[in-house]
Amino acid sequence: MKIALLQTVQFWENPNENRTYLQEKINSISQYVDLIVLPEMCTSGFTMNPKNVAEKMDGETISWLKETAKTKNCAITGSLVIEENGNYFNRLVFVFPNGSIQFYNKRHLFTLAGEDQVYTAGTEKLIVEYKGFKICPLICYDLRFPVFSRNTEDYDVLIYVANWPKPRINAWDILLKARAVENMSYVIGVNRVGLDGNNHEYVGHSQAIDFLGNYIQKPLETEEIFIVELDKEKLLETRSKLAFLNDKDSFEIVIDNS
């Protein structure tokens, strides 16, 4: 599977400008890819003002993603702010080339920024089946919580879309490698660059890591589009030879909605 990682700047709380800019970047991808991965809150930046940018699931960004996926004949994933029944969600959407959509609402809301005060947390983990791969897509702060991402579904690829700031970028690098090793899975991390509306700086470090913790794509700090290729046969061969996942602990996650 060929995956394009879009490490881009974002325009603060400006969905129109972000869609236009992302379209230009996507149009510049000359080779065929199976999947395009965009950063967290790709149309707004990591805003705590959801009412300024929130859309519906039949809104402009979803329509644009569907049309782009169809035109490029590939899947596209990333998160955006969605409003449903008076609640705001930091929602990752996985848009298939045929226009169908699966989605995941961010489980772990970033309390340090007050995300939990304005967004509603998700409760369900998503596993996407696409082109022979099982994919688990998660969002930014989820990276710090390994229990939720534990590979109990035999997924092949773990994806994190993020707005992860410069002061804690070392943790991003370390935790992405940890998730790859402990889950014997490919890991894709896509982060933005530039300054946001709160003057927080982002330095990218988007990367791809194999199931043994080796870099397929090393982290860089400039605006880039990275193309990586994943080999499922090598993954399965390694899991068969080093059957570490067979010894994992059994557990059940209980979500308290009270």
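The values are calculated or read from the model by the stated rules, or taken from the named source; none is laboratory data. Note that the coordinates shown come from a computational prediction; the quantities given were computed from them, not determined experimentally. Neighbour counts are summed over all protein chains in view; Cβ atoms, including those assigned to glycine, are modelled from backbone coordinates with ideal geometry. For the accessible areas, the whole protein counts, side chains as well, though only heavy atoms, and no ligand, DNA or RNA atoms are used. Shrake-Rupley method; radii C 1.70, N 1.55, O 1.52, S 1.80 Å.
Annotations
- For the chain: relative contact order, % (alpha-carbon pairs under 8 angstrom, 6 or more apart): 19
- DSSP bridge orientation in the chain - percent antiparallel, rounded to nearest 5: 65
- Sulfur and carbon atoms: percent of accessible area, the chain [1.4 Å]: 47
- Relative packing of peptides 25-34, 61-70 - highest average C-beta neighbours within 10 Å first: 61-70, 25-34
- For the range 162-204, backbone nitrogen atoms closer than 16 Å to the point 7 Å from residue 221 Cα along Cα-to-C-beta are found at 164-174, 191-196, 200-204.
- Rg followed by Dmax, in Å, when the range 1-121 is reduced to its Cα trace: 13.9, 42
- Approximate spin-label separation residue 32-residue 233, in nm, with each point projected 7 Å along Cα-to-Cβ: 1.8
- Hypothetical label at residue 129: residues of the range 155-197 whose amide nitrogen lies under 16 Å (7 Å Cα-Cβ projection): 155-157
- For the range 158-258, the relative contact order comes to 22 percent (Cα pairs under 8 Å, sequence separation of at least 6).
- Between the labelled values (i) 7, 33, 38, 18, 3, 0; (ii) 6, 27, 34, 20, 8, 3, 1, 0, 0; (iii) 7, 28, 37, 23, 5, 0, the entry that holds P(r) over Cα pairs in 10 Å bins from 0, in percent as derived from this structure is (i).
- Pairwise Lys count, the range 66-203 - Cα closer than 30 Å, eight or more residues apart or different chains: 23
- Entry comment: accessible area of the chain is 44 Å² per residue, from protein heavy atoms only and a probe of 1.4 Å.
- Extension gain (nm, one decimal) between residue 212 and residue 111, 0.36 nm per residue minus Cα-Cα: 33.2 nm
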